[in-house]
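The values are calculated or read from the model by the stated rules, or taken from the named source; none is laboratory data. Keep in mind it's a predicted model, so treat the numbers as computed, not measured. Note that each Cβ is placed from the backbone with ideal geometry, even for glycine, and that neighbours are counted across all protein chains shown. Quick note on the areas: whole protein, heavy atoms, side chains included, nothing else; ligands and nucleic acids left out. Shrake-Rupley method; radii C 1.70, N 1.55, O 1.52, S 1.80 Å.
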Amino acid sequence: MPFYSEHQVRSPLSDFIKKLWTLDNSGSKLETGERAVLPNGCFTIAFISGNGILVKTRLTDTLLTPGVYFVGQLTGAISVNLLPYTKAIMVQLFAWTPVHFSTAPMAMYTDRVLPLTDPIINVDILNNPAIALAVHQAFAACFRHNKNTFLIQQACLLLAGAGGALTVGELATTLGYSERLLQKKFKQHVGLSPKTFAIILRLRNAVDDIAYPRQAHILLSSLALENNFYDQAHFINTFQSIVGVSPAKFDKTAYLLAFKK
């Protein structure tokens, strides 16, 4: 089995869970070495078995022992290093998903990885070959709909659809909210401001353009323009602050990136 693999989720949970991905070092007596994970505008629930994972974030270095963890929104790259005989299954949640089953302020989880003991998702899927089915059974009854769930989902979808190019004012007008109220609700339920969320979306689009180029030579000025950055300098500074290296030094083999066709 490859170290990194992805599993699709079927409807209706595909409205809430973007995908499942696994990191499998269960058959090796060696560590995997550090690989970086970039912010993607999503939350993650991690199921870990074996000896654990060494995780380095902007806030702390942590050994994640076997168990279930909630990973909040990231604002910068983190590194993961799987210890020998370790496997992790990641349930990647859309940004609007937590508002469906939690009223907790999501900002308290930003850039943090915390143990999760909620019995709703305390399910053994690590050794279940039917991973997607096990996730369906665990999550199917968790989701609710109300005014806030609709607002956050629509806001995220509008920002994603525009490639992160909408201003907060434009977003608020489209949704029929004041900028102040929209920003308050968005930060409460997503853990990031709409502006920061939009920057991460634009940055990830630019990373994909670099990692999977559509042409042989890419100009940074073109990348900046195509991904709605003010100019080349703004793009380079944003890239450096989030990814940790400049666009010119980006090496996709050092990162765990989604498969692209």
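Candidate membrane-span-like segments in the chain, meaning DSSP H helices with Cα atoms spread over at least 20 Å of their own axis and a Kyte-Doolittle mean of -1.0 or above, are 147-161, 194-211, with no membrane implied. Peptide packing: for 152-160, 53-61, the average count of neighbouring Cβ atoms within 10 Å per residue gives the ranking 152-160, 53-61, highest mean first.
Measuring r between the beta carbons of L63 and Q240 and using R0 = 45 Å, the FRET efficiency lands at 0.95.
Would you mind working out the accessible area per residue for the chain, using a 1.4 Å probe, and quoting it in Å²? If you can, show how the numbers build up before the last one.
Details: 12740 Å² over 261 residues.
Per residue, the chain has an accessible area of 49 Å².
Whenever you get a sec, compute what percent of the accessible area on the chain sits on carbon and sulfur atoms (1.4 Å probe). Mind showing how you got there, number by number?
Working: 6960 of 12740 Å².
Reported share for carbon and sulfur atoms: 55 percent.
Of all aspartates and glutamates in the structure, the ones whose alpha carbon falls short of 17 Å from that of K19, not counting any fewer than 8 places away in one chain, are E6.
If the segment from D15 to N148 were pulled out straight at 0.36 nm per residue, it would be longer than the present Cα-Cα gap by 46.3 nm. Shape class of the chain from the alpha-carbon gyration tensor: oblate, with a/c at 1.5 or above and b/c at least as large as a/b. Structure note, pairs K147/K184; K29/K87; K56/K184; K56/K249: Cα-Cα distances above 18 angstrom occur for K56/K184; K56/K249.
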